[in-house]
Structures are given as C-alpha cells and as structure tokens.
Amino acid sequence: MKTIHGVQYLRAVAALAVVIFHAAEKTGHHFTIGAAGVDVFFVISGFIMWVISDRRPVTPARFVIDRLRRIVPVYWMATMVMVAGGVAGLFPNMVLSVKHVLASLFFVPMRSPSNGEIWPVLVQGWTLNFEMLFYAVFAVSLLLPRNWRLPSIAGLFFLLVLGGLATSIDNPLMLTYTRPLILEFVAGMVIGEFWLKGRVPPLAAGVALIACSLGGFALIGLLRLPFDEFTVGPLATMLVVGVLSAEASGRVRSMWLPNLLGNASYSIYLWHTFAISVVAKAASIIRIDAALSMAICVLSGILIGIAGYTMLERPLLHRSRIQPAAQSLAG
C-alpha cells in the first residue's frame, strides 16, 4: 500500500503527544491532553486496517499472524525489561505476580497487583489490549462479504458499549471491552470507506476540521478541562479527516524526519517511559531546572524510541516482510 504521508505524520504527532504527557507528569508540569494521542492512534488504526484489507485482501489467519508478528516481539521485549527491572528492585513500587505477567504478555486485561488499576506490567501496553480486541473482531469479519463487515463490527462494538453503560460489572474484561473508546476504531473504518470511494472533504473544509480539532485539544489543555473518549474521540476523528483532505489535495509532501518518527512511533510509544524515568530521576538528584528536565525527558524518550526502532523493530519488520505503511498504533 502506498504510504499516506499525512497519516504517517499524525502517528508521529500522536506518539510525541504521549511522550510529552509522560515527561510533563514526571517533571511536575501539566500536559494531560497529550494522552489523547491514543485516541488519534485508534482512529488511525481503524482507517489503516480497513484500507489495507480492501487493497490487499488476506485470510483471517494471515491477518492475525501479520498483526501478531507486528506487535508481539517488541512488546514482549519491553515487558520483560520491566519484569527484570522489577525483580532487580529498580521499581520499588512494582508488585509482580506470575499471573499478572502472563496476562500482560497475552493481552488479557487484569488489575495490577501494584495499584489495582487495569494495567499490564508495561503500563502503556493497556492500549494494545484494545488493539487486540479490534484485530480479533476484524479478522473474524473477513469471513463475511465485504458489504457486511463494517456494519457488523460497528453493530457489535455499539452493543458492547451499550452493555457497558447499562451494567455495573466490575470484571476487568468487561470494563475494558465495553469502553466507548472502541468506537474510535469504527470511526476510522468509516473514514477509510469514504477514502476508498474518493469522498473526502475539499481542502478548505479539511483545514477547518484540523483547526477545530487542534483548537479543541488546546482548549481542553489550557483550561485543564476533564476529557474522555466522548470529547477527544470526535476531535481525533476530525483531525484524521482533515489531514486526509490535505493528503487528497496533494498538499502533503514526503519529509524525512516526520516519516522516521511515524515509522518509529510504536517503538517510541513502548520505550519512551524507560528513558523518561531515568532522566527525571537523575534531574531531581542533580537539581536541574524543571523546564530543562522536561525538555531532556522528551528528547530522550524520542531518541530511545528511534534507537529501538532502528535496532530491534525494523530488523524484525524486514524479516517478517511487514511494511511500515500497513501499521497503526503498532508502529
């Protein structure tokens, strides 16, 4: 599939937003809205999966194998680094259990023995639990006629969300898989269908959508308003549609650094917290200015991600013959 540069750049922006969010959190600053990078990732994921399945049809088994090869190796490496650090006592607040480690490795939502949150050992891996649900449902949908796939997935996800809203079950699986967050995948698929049909807004409308989206994110961030998928999900959707409008108009050019950051976004997402934790701790010990400390944290998070992509992820991709253009949150 031909690389859609606008989507590549959005993946880079989403990853950097998450990095800044965690860097700010560790250095006493405020950038909570950066967590909305995950929402952008999910919309992109739905879009990419829908488009590539149309342009390069695969069997359900092939789809699942490709996704597992794409996600699992690097994620397991990062998780085991966390486990090793916990065993070595580098993370004093971490409580390890065999059950939780296994649940983390196999994408089963479970409450962490460290704090009771529904988080895997590598905390940011919580998003991959959602991705795996989407991939599993998407794989099954490939058995259906094409015209039934999108309505079937959308219908199932809407039923799951409605079920979650109508009940108060405290089971981690139910709490995870009934969150309205899963509807962002559906939004991405709908965008993908319009993209395939060549039905994207004109450039002026696209620019307006980008401006409204960024303005909404900025308003939430500056006023420190509470937000969830009901508020940032539509903003993420608008942003993706706006960027695709610019892409369709031919206004988006290939640029080396944004492309690199887009390709490395999965590794940046997985590895950045390691660097940020070390730098933030060192900065507090030697009393570096908080603003400088945050800047170094952000830079180190990006660099460790690029290093992980170059030395681990990209060689694995080439070995598996999986193209970066067919990636979502996972790179």
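The values are calculated or read from the model by the stated rules, or taken from the named source; none is laboratory data. In this text the structure is predicted, and so the values were computed from the model without any measurement. Note: ideal-geometry Cβ built from the backbone for every residue, glycine included; neighbour counts use all protein chains shown. Note: areas computed on protein heavy atoms with side chains; ligands, DNA, RNA excluded. Shrake-Rupley method; radii C 1.70, N 1.55, O 1.52, S 1.80 Å.
Residue pairs, Cβ under 8 Å, 6 or more apart or interchain, first in region 169-183 and assigned to a helix (DSSP H, G or I), second charged (D, E, K, R). List them.
Partner pairs satisfying both residue conditions: Pro172/Arg111; Pro180/Asp228; Pro180/Glu229; Leu181/Asp39; Leu181/Glu229; Leu183/Glu229.
Failed condition for Ile153, given (1) free of Cβ contacts under 8 Å to residues at least 40 places away in the same chain; (2) over 15 Å from Leu175 (Cα atoms); (3) surrounded by fewer than 15 Cβ atoms within 10 Å (Cβ to Cβ), with all others met?
Among (1) free of Cβ contacts under 8 Å to residues at least 40 places away in the same chain; (2) over 15 Å from Leu175 (Cα atoms); (3) surrounded by fewer than 15 Cβ atoms within 10 Å (Cβ to Cβ), the lone unmet condition for Ile153 is (3).
Give Val87, Val108, Val121 a once-over and let me know the one that is surrounded by fewer than 17 Cβ atoms within 10 Å (Cβ to Cβ), of a type in the set (Val, Ile, Thr) and farther than 30 Å from Gly192 by Cα. Reasoning before the result, please.
Values: Val108 fails: farther than 30 Å from Gly192 by Cα; Val121 fails: surrounded by fewer than 17 Cβ atoms within 10 Å (Cβ to Cβ).
The unique qualifying residue is Val87.
Determine if region 299-313 includes at least one residue that is open to solvent by 60 Å² or more (accessible area, probe 1.4 Å) and of a type in the set (D, E, K, R).
no
Scanning region 14-35 for residues that are among the β-branched types (Val, Ile, Thr) and over 11 Å from the mean Cα position of the chain (by Cα), which turns out surrounded by the most Cβ atoms within 10 Å (Cβ to Cβ)? If you could, list the steps in order and put the result at the bottom.
Within region 14-35, the first condition is being among the β-branched types (Val, Ile, Thr), and the residues that meet it are 18-20, 27, 32-33.
After this cut, where a residue has to be over 11 Å from the mean Cα position of the chain (by Cα) as well, the list is 19-20, 27, 32-33.
Details: Val19: 28, Ile20: 23, Thr27: 23, Thr32: 15, Ile33: 23.
Ranking the candidates gives Val19 first.
Within region 63-70, is even one residue β-branched (Val, Ile, Thr), more than 17 Å from Asn129 (Cα to Cα) and in contact with a helix residue (DSSP H, G or I) (Cβ under 7 Å, 6 or more places away or on another chain)?
No, region 63-70 contains no residue that is β-branched (Val, Ile, Thr), more than 17 Å from Asn129 (Cα to Cα) and in contact with a helix residue (DSSP H, G or I) (Cβ under 7 Å, 6 or more places away or on another chain).
Taking the conditions exactly as written (on the phi < 0 side of the Ramachandran plot and open to solvent by less than 20 Å² (accessible area, probe 1.4 Å)), does His100 satisfy them or not?
Values: on the phi < 0 side of the Ramachandran plot: yes; open to solvent by less than 20 Å² (accessible area, probe 1.4 Å): yes.
Against the criterion (on the phi < 0 side of the Ramachandran plot and open to solvent by less than 20 Å² (accessible area, probe 1.4 Å)), His100 qualifies.
Search region 239-292 for residues being among the aromatic types (Phe, Trp, Tyr) and either more than 19 Å from the chain's Cα centre (by Cα) or farther than 17 Å from Ile44 by Cβ (or both), and hand back the single one that is most open to solvent (accessible area, probe 1.4 Å). Steps first, answer last, please.
Taking region 239-292 as the starting set, the residues that turn out to be among the aromatic types (Phe, Trp, Tyr) are 256, 266, 269, 271, 274.
Filter once more, keeping what is either more than 19 Å from the chain's Cα centre (by Cα) or farther than 17 Å from Ile44 by Cβ (or both): 256, 271, 274.
Details: Trp256: 193, Trp271: 28, Phe274: 32 Å².
Checked region 239-292; the qualifying residue most open to solvent (accessible area, probe 1.4 Å) is Trp256.
Keeping to region 127-150, report how many residues are without any contact (Cβ under 8 Å) to a residue 24 or more places away in the chain and open to solvent by 50 Å² or more (accessible area, probe 1.4 Å).
Of the residues in that region, 4 qualify.
Just to verify a result, which residue in region 217-238, among those that are touching a Pro at 6+ places or on another chain (Cβ under 8 Å) and surrounded by 14 or more Cβ atoms within 10 Å (Cβ to Cβ), is nearest to Asp54 (Cα to Cα)?
Gly233
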